[in-house]
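The values are calculated or read from the model by the stated rules, or taken from the named source; none is laboratory data. Here the structure is a predicted model, which is why all the values come from computation and not from measurement. Glycine gets a Cβ as well: all are built from the backbone with ideal geometry, and neighbour counts include every protein chain shown.
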Amino acid sequence: MDTKNNNSADLLINDLLPTHPRRLYDPVEYIMAQKGKKIRFNLALKGCELFSGSSDDAMQAAMAVEIFHNFTLIHDDIMDNAKTRRNQPTIHEKWDINTGILSGDVMMILAYEALLKAPEHAHAKIFPLFTRSARAVCEGQQMDMDFESLPVVQIDKYLEMITKKTGVLIAAALGMGAACGGATDAEVEHLYEYGKNLGISFQIRDDILDCYGETQKIGKIKAGDIIQGKKTILYIRTWFSMPEEEQDGFTELYHSSAPDKIDTILNYFEKAGAKEYALAKEQEYFEKAHAALAKIDVSPQRKKKLTDYTQSIFRREH
């Protein structure tokens, strides 16, 4: 974790936040102060460092991405009726739903206010990039919600959903940081592709770890996705690998609360080779990410600073 940069984020949000009305801004301060890795904030800074050697010019763009990300968490928690986040009460639980909606709304505006403070030379690149990425996140969330009522989705639709819901904001953070650091349009796009594919790889890895990671290390209930009936890459691969006459029964079991559900589903995954398929897909997108990074002509030392950080975040074992 980059403690110095995370402390900078805390100071920046304090500078951005008005003081009144408190009921609007207290929830914003509350969620932004929660301890987290601030991955997108740090990625924007490292995207800038890759080209300029310094992160200073990307501070406001990094703040914009981090504020937007937390805005999406507030509204996601409302939609999911989640009680806690980061071991703290969610905003709609601590305050109420209307406060959560409005505080989330104002965070979208605060994100654009932060962008306005970014270096003017980067405005023509970062505003369109941020806007298209923010819209894609909303599209990804809607796709995920639509999937809940379907027995299964095609793998390409799943990949599109995780690209929009997870990949594009990671990509935007890096691309916006690069733009602030003086990167060309082509360099911004290459770093955007690097981030997008890392994000896809990361989400696939998360699907795998949920079922096969060590419970103590992942810090959550093992096979939580199976318990909740989420349509992960493992489920999709298994569904399409089995005989048609078994698919309905598999879907019914997956969405049931049968006492032996987890072990039975894991056996289905094993027979279908779902874990191996997912690992291969994860590696495919990881390699795509590094192929995009290889197109950027900067010093190996600067690239190593970026890849050391992304390796620690996106290739985790838990």
Quick one: would you say Thr84 is modelled with pLDDT of 95 or more, surrounded by fewer than 20 Cβ atoms within 10 Å (Cβ to Cβ) and among the hydroxyl-bearing types (Ser, Thr, Tyr)?
-> no
When Glu189 is evaluated against the numbered criteria (1) in contact (Cβ under 8 Å) with a residue 24 or more places away in the chain; (2) under 18 Å from Leu306 (Cβ atoms), which criterion, by number, is the only one it fails?
-> (1)
Within segment 273-291, can one find any residue that is over 25 Å from Glu160 (Cβ atoms), more than 23 Å from the chain's Cα centre (by Cα) and of a type outside the set (Val, Ile, Thr)?
-> no
Please list, ordered by first then second residue, the pairs with beta carbon atoms under 6 Å, 6 or more apart or interchain, first in segment 255-284 and without any contact (Cβ under 8 Å) to a residue 40 or more places away in the chain, second assigned to a helix (DSSP H, G or I) and among the small types (Gly, Ala, Ser).
-> Ala272/Ser241
Glu66 versus (1) touching a Lys or Arg at 6+ places or on another chain (Cβ under 6 Å); (2) surrounded by 24 or more Cβ atoms within 10 Å (Cβ to Cβ); (3) over 18 Å from Thr131 (Cβ atoms): which is the lone unmet condition?
-> (3)
Listed residues Lys281, Lys261, Lys222; which is of a type in the set (Lys, Arg) and at pLDDT below 95?
-> Lys222
Write out, first by first residue and then by second, each pair whose Cβ atoms fall under 9 Å of each other, whose residues are 6+ apart or on separate chains, and whose first residue, in segment 105-121, is under 18 Å from Ser8 (Cα atoms) while the second is among the charged types (D, E, K, R) and surrounded by 17 or more Cβ atoms within 10 Å (Cβ to Cβ).
-> Ala111/Glu66; Ala114/Glu66; Ala118/Asp57; Pro119/Asp57
Which numbered condition Ala186 misses (of (1) part of a helix (DSSP H, G or I); (2) in contact with a Phe, Trp or Tyr (Cβ under 8 Å, 6 or more places away or on another chain); (3) more than 30 Å from Glu252 (Cβ to Cβ)) | (2)
